[in-house]
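As structure tokens, the structure follows; a few thoughts come after it.
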Amino acid sequence: MTNYAEILVVDDMPDHIAYSGTLLRAEGYRVFTASSGKAAIRFLEKKIPDLILLDIQMDDINGLEVCKIIKSNPKTSEIPVIFLTSETSPEIISQGFEIGGCDYVKKPFIKEEYIARIKTHLQVYSQQRELTNANNELSLFCSAVSHDLKAPFNIINMLIEMLRQELGDNQEQGIYEIMNMIVSKATQTRVMIERLFEFSKMCNLKPKMKKLDIKKIAVETFNELKKLESGRDIRLECSDLPYVNGDEVLVQIMLKNLIGNAIKYTSKREIAMIEISGITDKSYNIIKIKDNGSGFDMAYANKLFQVFQRLHSEEEFEGSGVGLALVNRIMERHGGFVKAYAEIDKGAEFSLMFPIPSHH
């Protein structure tokens with residue numbers, strides 16, 4: 001892409017424009033020019049270039065103002081802007097970076113440095129676009145796959161139901177069991193597909209951060225999940241927890257997975273104990289979720305957060321193998337991480353490390 005790239009040069013000095021144009025065309029770029037800030041903004045309404053070279057000192061609107069307008073418009077906000085400036089004061093340069101400029105070149109510029117910087121930023125921009133497109137395609141693919149795969153499983157369940165009615169009371173025990181196994185496997189696979197779809201959506205979901213009462217979310221989630229386990233003695237001890245900065249929907253999904261796991265892996269205990277506690281250190285609000293369940297071998301802990309990795313057999317505990325990968329991805333989206341500690345048959349403890357927002 002770099003050599004076919006389209007570059008907009010914005011400068012109110014005709015000789016600067018002519019010089020830039022000559023250098024860039026010699027490298028094989030298509031060059032467009034604007035001799036004022038207003039002309040540049042009008043140009044961008046019609047055409048989106050791959051890079052903008054923007055003079056800071058101009059008579060009508062200065063380059064910093066033009067950059068602000070470019071970055072506030074969703075159609076042009078991603079275009080890399082390199083400032084051209086004879087102004088070398090640190091305040092102006094840092095202001096340029098703050099409003100979204102990606103680099104600056106001092107005038108009068110050295111040809112080799114000028115071309116090298118342009119090439120670098122065009123390459124980065126090209127790779128970013130490829131990555132965004134690949135992510136979008138992956139998301140669409142996951143969405144289509146999950147949608148298309150759900151239908152056959154619904155049909156399998158429907159056909160089994162029809163078969164049951166057809167056989168009526170003449171069902172032999174063996175046939176009945178086989179049909180139940182098919183229904184159970186079809187349902188399980190559907191759940192896996194739904195989890196995988198949730199996981200793929202994580203790539204594109206922008207967290208909406210706010211102050212969260214994580215204790216309230218945890219207790220509500222526990223009560224909801226406990227209702228599904230009638231006949232079991234499951235107890236929750238939840239101490240006061242620090243408020244965290246997070247996305248409510250993502251944190252709910254994460255706690256549902258972790259508390260759900262704690263409930264699942266304590267199923268062989270007469271009294272299932274789940275403890276949720278919180279501490280704050282210099283950098284993190286730490287939320288710990290501990291259970292007295294089956295635990296796991298720490299030798300395999302690095303596998304824990306990968307998609308479809310399971311540390312227990314399907315016979316022992318059912319599951320999709322996506323839940324902890326989802327937890328890991330959600331913590332990454334919050335700028336934090338998750339730690340796990342366990343011993344076989346002595347339970348597990350997960351620590352969610354939420355960064356404390358800095359207040360400058």
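Give the residues of the stretch 170-185 that are modelled with pLDDT of 80 or more and either more than 17 Å from Asn157 (Cβ to Cβ) or among the aliphatic types (A, V, I, L, M) (or both), sorted by residue number.
Selection gives Ile175, Ile178, Met179, Met181, Ile182, Val183.
Output the number of residues of the stretch 1-21 satisfying the condition of being closer than 18 Å to Ile118 by Cβ, in contact (Cβ under 8 Å) with a residue 12 or more places away in the chain and open to solvent by 10 Å² or more (accessible area, probe 1.4 Å).
Of the residues in that region, 7 qualify.
Can you work out which of the residues in the stretch 81-104 that are of a type in the set (S, T, N, Q) and closer than 16 Å to Met58 by Cα is least open to solvent (accessible area, probe 1.4 Å)?
Among residues in the stretch 81-104 that are of a type in the set (S, T, N, Q) and closer than 16 Å to Met58 by Cα, the one least open to solvent (accessible area, probe 1.4 Å) is Thr85.
Starting from residues that are open to solvent by 20 Å² or more (accessible area, probe 1.4 Å) and among the aliphatic types (A, V, I, L, M), keep the ones in the stretch 59-80 and report whichever is modelled with the highest pLDDT.
Ile69
Looking at the stretch 22-56, which of the residues that are over 25 Å from Ile93 (Cβ atoms) and among the small types (Gly, Ala, Ser) is least open to solvent (accessible area, probe 1.4 Å)?
Gly28
When the stretch 1-57 is examined, which residues are found to be of a type outside the set (A, V, I, L, M, F, W, C), in contact with a Gly (Cβ under 7 Å, 6 or more places away or on another chain) and modelled with pLDDT of 90 or more?
Thr33
Could you please tell me which pairs satisfy a Cβ distance under 7 Å, a separation of 6+ or placement on different chains, a first residue in the stretch 105-129 that is without any contact (Cβ under 8 Å) to a residue 60 or more places away in the chain and open to solvent by less than 70 Å² (accessible area, probe 1.4 Å), and a second residue that is among the basic types (Lys, Arg) and in a helix (DSSP H, G or I)?
Val105/Arg117
Just the residues that are of a type in the set (S, T, N, Q) and modelled with pLDDT of 90 or more, please, taken from the stretch 341-360.
Residue satisfying the conditions is Ser351 alone.
Pick from the stretch 320-340 the residues that are part of a loop (DSSP other than H, G, I, E, B) and modelled with pLDDT of 85 or more: which of them is surrounded by the fewest Cβ atoms within 10 Å (Cβ to Cβ)?
Per the stated criteria, the residue is Gly335.
The values are calculated or read from the model by the stated rules, or taken from the named source; none is laboratory data. All of these numbers come straight from a predicted model, not from anything done at the bench. All Cβ positions, glycine included, derive from the backbone under ideal geometry; neighbour counts span all protein chains shown. Quick note on the areas: whole protein, heavy atoms, side chains included, nothing else; ligands and nucleic acids left out. Shrake-Rupley method; radii C 1.70, N 1.55, O 1.52, S 1.80 Å.
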